[in-house]
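The values are calculated or read from the model by the stated rules, or taken from the named source; none is laboratory data. Because the structure is a prediction, the values reported are computed rather than measured. Cβ placement follows ideal geometry from the backbone for every residue including glycine, while neighbour counts extend to all protein chains displayed.
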Amino acid sequence: MDTLPLHPKIVHLPIALAVLMPLITAGLLIAWWRDMLPRRTWWIAVALQAVLVGSALYARETGEADEERVEAQVGEAPLEAHEEAATVFVIGAVVALAAVAAAALIKPPALALGAAAAAVLAALVVLGLGYRVGQAGGALVYQHGAAGVAARAAPPAGGPATADDDD
């Protein structure tokens, strides 16, 4: 049975998407603006930003589920800093999703391109917010010993011996 917390397994997806979204949105915007790709390809950005939002919400939920177990080890202040950064990250990701979706839904091409440019800027802001969350989470693990809580809960390498191991 896997006793490691779910949160560290989940958090990497929204952070990776936060890193990629400025590149993806900028690339799609340039390709759309130069008529290298049709406008409908912008829906790729909408879908990926929606995955970022969904995975960020799930990561936040799993973090809250693990909070009580880790708080005794690391203290309340570092956890609060990480949680607050995560909340701002989720809000920023939702705002960026609104900007990305607006660019896909606005009819006049000039306005849609302007909304897409705003979406690129929003993706850059989300990247910065993701950096803050990751920095606070890294401090929990590497400075405050949060990983030690999971390590103490995990069975030794190879797990406990069973009767079948005698063969």
Which residue pairs have Cβ atoms under 7 Å apart, sit 6 or more places apart or on different chains, and have a first residue in the stretch 53-80 that is more than 17 Å from residue 139 (Cα to Cα) and part of a helix (DSSP H, G or I) and a second that is modelled with pLDDT of 90 or more and among the aromatic types (Phe, Trp, Tyr)? 56/89
Report whether or not residue 60 is within 30 Å of residue 148 (Cα to Cα), in contact with a helix residue (DSSP H, G or I) (Cβ under 7 Å, 6 or more places away or on another chain) and basic (Lys, Arg). yes
Checking residue 26 against (1) in contact (Cβ under 8 Å) with a residue 40 or more places away in the chain; (2) under 23 Å from residue 138 (Cβ atoms); (3) in contact with a helix residue (DSSP H, G or I) (Cβ under 6 Å, 6 or more places away or on another chain), which single condition isn't satisfied? (2)
Return the pair list, or none, for Cβ contacts closer than 6 Å from residues in the stretch 1-17 that are under 18 Å from residue 79 (Cα atoms) to residues that are modelled with pLDDT of 90 or more and among the aliphatic types (A, V, I, L, M), at least 6 apart or on different chains. 10/59; 11/59
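For residues that are in contact with a Ser or Thr (Cβ under 8 Å, 6 or more places away or on another chain) and in contact (Cβ under 8 Å) with a residue 12 or more places away in the chain, scanning just the stretch 30-48, find the one that is nearest to residue 133 (Cα to Cα).
Initial filter on the stretch 30-48 (in contact with a Ser or Thr (Cβ under 8 Å, 6 or more places away or on another chain)): 31-32, 45.
If we keep only those that are in contact (Cβ under 8 Å) with a residue 12 or more places away in the chain too, we end up with 32, 45.
Working: 32: 32, 45: 22 Å.
Result: 45.
Conditions (1) acidic (Asp, Glu); (2) buried (at least 21 other Cβ atoms within 10 Å of the Cβ); (3) at pLDDT below 85, marked per residue:
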{"site": "62", "(1), (2), (3)": "no, no, no"}
{"site": "93", "(1), (2), (3)": "no, yes, no"}
{"site": "100", "(1), (2), (3)": "no, yes, no"}
{"site": "120", "(1), (2), (3)": "no, yes, no"}
{"site": "146", "(1), (2), (3)": "no, yes, yes"}
{"site": "152", "(1), (2), (3)": "no, no, yes"}
{"site": "155", "(1), (2), (3)": "no, no, yes"}
{"site": "161", "(1), (2), (3)": "no, no, yes"}
Checked the stretch 64-84 for anything more than 19 Å from residue 133 (Cβ to Cβ), exposed (fewer than 13 other Cβ atoms within 10 Å of the Cβ) and of a type outside the set (D, E, K, R); matches are 72
